[in-house]
1. By the scheme Lys and Arg +1, Asp and Glu -1, what is the net charge of all other residues having a beta-carbon under 15 Å from that of Ala393?
2. Can you tally the net charge around Tyr242? Count Lys and Arg as +1, Asp and Glu as -1, for every other residue whose Cβ sits under 13 Å from the Cβ of Tyr242.
3. Apply the Karplus curve 6.51 cos²θ - 1.76 cosθ + 1.60, θ = phi - 60°, to the phi angles in the stretch 182-188 and return the couplings in whole Hz, x for Gly and Pro.
4. Given R₀ = 35 Å, what would the calculated FRET efficiency be for Ser474 paired with Ala198, taking r from the Cβ atoms and rounding to 0.05?
5. When the gyration tensor of the stretch 243-300 is built from Cα positions, what are the square roots of 5 times its three eigenvalues, in whole Å, from largest to smallest?
6. Which percent of the accessible area of the stretch 1-97 is formed by carbon and sulfur heavy atoms (probe 1.4 angstrom)?
7. Can you tell me the convex hull volume per residue for the stretch 51-123, based on C-alpha atoms, in Å³ to the nearest whole number?
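The values are calculated or read from the model by the stated rules, or taken from the named source; none is laboratory data. Source: prediction; values computed, not measured. So basically every Cβ, Gly included, is an ideal-geometry build from the backbone, and we count neighbours across all protein chains shown. Calculation scope for accessible area: heavy atoms of the full protein, side chains included, ligands and nucleic acids excluded. Shrake-Rupley method; radii C 1.70, N 1.55, O 1.52, S 1.80 Å.
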Amino acid sequence: MSGAPARTLLLWCPDWPVLAAEIVDGVPATDPVAVLHANRVVACSERARAEGVRRGLRRREAQGRCPQLTVVDHDPARDARAFEPVVAAVEEVVAGVEVIRPGACALAARGPSRYLGGEEAAAERIVEHVAQTCAVESQVGIADGVFAAGLAARDGRIVPPGGTPEFLAGLPVEALGRPTLTDLLRRLGVRTLGDFAALPAGDVLARFGFDGALAHRLAAGRDHRPLAVRQPPADLTVTADYDEPIDRVDAAAFAARTLAEQLHERLAAHGLACTRLGIEAVTAHGQELHRVWRHDGLLTAAAIADRVRWQLDGWLSGSNGRGGARPARPTAGIIRLRLVPDGVLAQAGLQPGLWGETGEERERAHRALSRVQGILGPEAVVTAVLGGGRSPADQVRLVPWGDERLPARPGPPPLPATGPAAPEQAVSTRSRAAAPVPVPPWPGRIPPPAPAVVLPTPLPAAVHDAAGEPVVVSARLAVSAAPVRLTVGAGRPAEVVGWAGPWPVDERWWAPAEARRRARFQVCLADGAALLLAVEGGQWLVEAIYD
């Protein structure tokens, strides 16, 4: 659950179910309109809101407030089909668009902002292009993470980098979109996201469960844990060729379900679950269509089938939206359909196995460790992952139990799992066997052996020579004298009986604000202790302890 959320640009179309009903069914969005699901209002037009209609109202109460209200049944397929021209219009300006849900799509903000001259210019360009192409009003929000960007889009706001926690702090807890949790927080006196984020994470997890812990992370501006996606093996992709081109929505729906079941079975056989789905289609005239769907959880077979059906419906219907927007209906039917699991995670419980697989022993351990996390917090159970880096602190990353075990920096691949002690490693090892990743050389890396204890916070120290003068390392890495005495903090001086170094490190010299220059030493003391020292800016520090 570590790592700062990436800058995200999210485009949001207000009252999209109402607009979709106008685009597909011709229901005027300027009239008082309400979209109902399970006899409750899920979206309403601006004129309906002016009459007092709100989301969550029952049908009878909504009609009582606005007698002339036009009621439309909620249809997710209609919303997705109508939203396809909007996504296509966004893709004409930028690449890498992910559909969050019908009415909202997101992408990384870095590329468009650098290409179009800044985040504000990119937002204006996208909104203007969608309005001209699809005749649809939209708003863009930019913030750190998808959740904050979605809230910022409500006001068309660009949150400065690093300002997401402050932006979220003043918002009411209703912004979480969890009515049951919101009601409970209100009764406990927690009224804003800032108040909720100030609560201890362990107490939130113990009191509200995992969904409450997820909401707590969102309130703190950390988003939910970033999906640690990786490139799946090539054999996970499923493809179907059709002798007769598919040009009807009902035939496409049947093909979507069959292919979705094949993909889910293939993923389950590898102990994996899909988090992002790429849908590709080729028509009889060679036209290629592609779209990526994102899901906050794990995509089941039914969820995969729904998204494929919605997407095919959007392509085959040829919905031109408002104002004659592209894309038009393909000139020929679909002869090839391909599903690409663009992001996968190891899913516990999908596959019984022997050594290195998901079996009964792993399930028991997972339940026990999850129980500990429920009592003490998600960060209470962590496992170490080795990666690349120059210092011991850089090479080790502590990953909370249940998260994807990926190193923070590229380094040597882990050794193959040989027993039941490394079940999570088996999946990642299998995926890397086909295409080895080149390992950076990491010049300046500390030579073996590795220290036994890496201090989370280096301890200040003082190093003196035989004359009692401080030992100084020059810019050319010349040591003023041999180290003789070492004093750690306010402790007593210890005699240095052996030392090696220096090993210089000059990192990110091209970025003055992030540049760091230091040198490391290994020293042995008279009492038998061995330490790893570093000198930076004239200050000596104890970084690690050898066994």
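1. On the way: positive: Arg390, Arg397, Arg409, Arg445, Arg516, Arg518, Arg520; negative: Asp394, Glu507, Glu536, Glu543.
Summing Lys and Arg as +1 and Asp and Glu as -1 gives +3.
2. Here the charged neighbours net out to -1.
3. 4, 4, 5, 5, 4, 5, 8
4. Numbers: r = 47 Å, r/R0 = 1.36.
Taking R0 as 35 Å, the efficiency between Ser474 and Ala198 is 0.15.
5. On the way: eigenvalues 117, 38, 22 Å².
Equivalent ellipsoid semi-axes, largest first: 24, 14, 11 Å.
6. Values: 2020 of 4310 Å².
Looking at the stretch 1-97 in its full context, I get 47 percent from C and S.
7. On the way: hull volume 9.7 nm³, N = 73.
Given the Cα convex hull of the stretch 51-123, per-residue volume reads 132 Å³.
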